[in-house]
Amino acid sequence: MRPAPHSPQYRAHLAQARRRRRRAVLLTVSGTVVVALFLGWRTGLFVEGSSYPVADPAGTARRLDQRTQEVRDALGLPHAELDTDWPGAGRKVEEDCPYTGLSHFFDQLHDTPPTMPGVVVVSTEWALKGVTAEAGQSALRRARATLAERGWRITTDTSVDRSITLTATPPDGGATLHIATYPYDRLAVSAASECVRASQGSH
């Protein structure tokens, strides 16, 4: 008998996948920091750091939803249903962005570095159920080809069992999406925005 969907083995598999997504998000955040530092140096703000772009989190969430819908269309699984019990499903707005500028360099070396107040990452995650491993891998290959044709930047990670996961960035940037198959006939899509400073009046 195979373990139940929420057995320790299954949770370990999900945790490993979340770590991969976390690394992808961290790469996006790191890139933002590098750009901010460069712009800060160019404008005389190298020591104190440059501001993150201002955006309405609600508007950012809507753009993420549009991007994940593009991915769902590219997967070509019109009859797959949403898994309403998927762990981590839903939308989050979190203050998870580091300070920029040379004066905050040592802060970022801490195990729990401080985050900049009012600067957030918007993320969303959902999963489709009833997608076998074979069907899921075929869907990922379709998505890889379709999105690449539309100008998305695609990174493919192939495991030892030849299953693939995709990390995708839209043509205009601003987000990182992760698409992967999971045990028990699941295929999940997660997306995270770049760091943005919440505009006044936004929630």
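The values are calculated or read from the model by the stated rules, or taken from the named source; none is laboratory data. Everything quoted here is computed from the prediction, not taken from an experiment. So basically every Cβ, Gly included, is an ideal-geometry build from the backbone, and we count neighbours across all protein chains shown. The area values use the complete protein model at the heavy-atom level, side chains included, leaving out ligands, DNA and RNA. Shrake-Rupley method; radii C 1.70, N 1.55, O 1.52, S 1.80 Å.
Could you list, in sequence order, the residues of region 61-91 that are open to solvent by less than 50 Å² (accessible area, probe 1.4 Å) and within 18 Å of Val131 (Cα to Cα)?
Thr68, Val71, Ala74, Leu75, Gly76, Leu77, Ala80, Asp83, Trp86, Pro87
Inside region 144-171, residues that are polar (S, T, N, Q), outside any strand (DSSP E or B) and touching a strand residue (DSSP E or B) at 6+ places or on another chain (Cβ under 7 Å) make up a count of 1. Answer yes if at least one residue in region 124-134 is under 19 Å from Ser190 (Cα atoms), at pLDDT 95 or above and either part of a helix (DSSP H, G or I) or touching a helix residue (DSSP H, G or I) at 6+ places or on another chain (Cβ under 6 Å) (or both), and no otherwise. Yes, that holds for at least one residue.
Of all residues in region 187-203, those being surrounded by fewer than 24 Cβ atoms within 10 Å (Cβ to Cβ), at pLDDT 90 or above and in a loop (DSSP other than H, G, I, E, B) number 1. Per the listing Thr132, Thr176, the residue uniquely over 14 Å from Arg72 (Cα atoms) and within 16 Å of the chain's Cα centre (by Cα) is Thr176. If the condition is being open to solvent by 40 Å² or more (accessible area, probe 1.4 Å) and of a type in the set (Val, Ile, Thr), then region 157-186 contributes Thr158, Val160.
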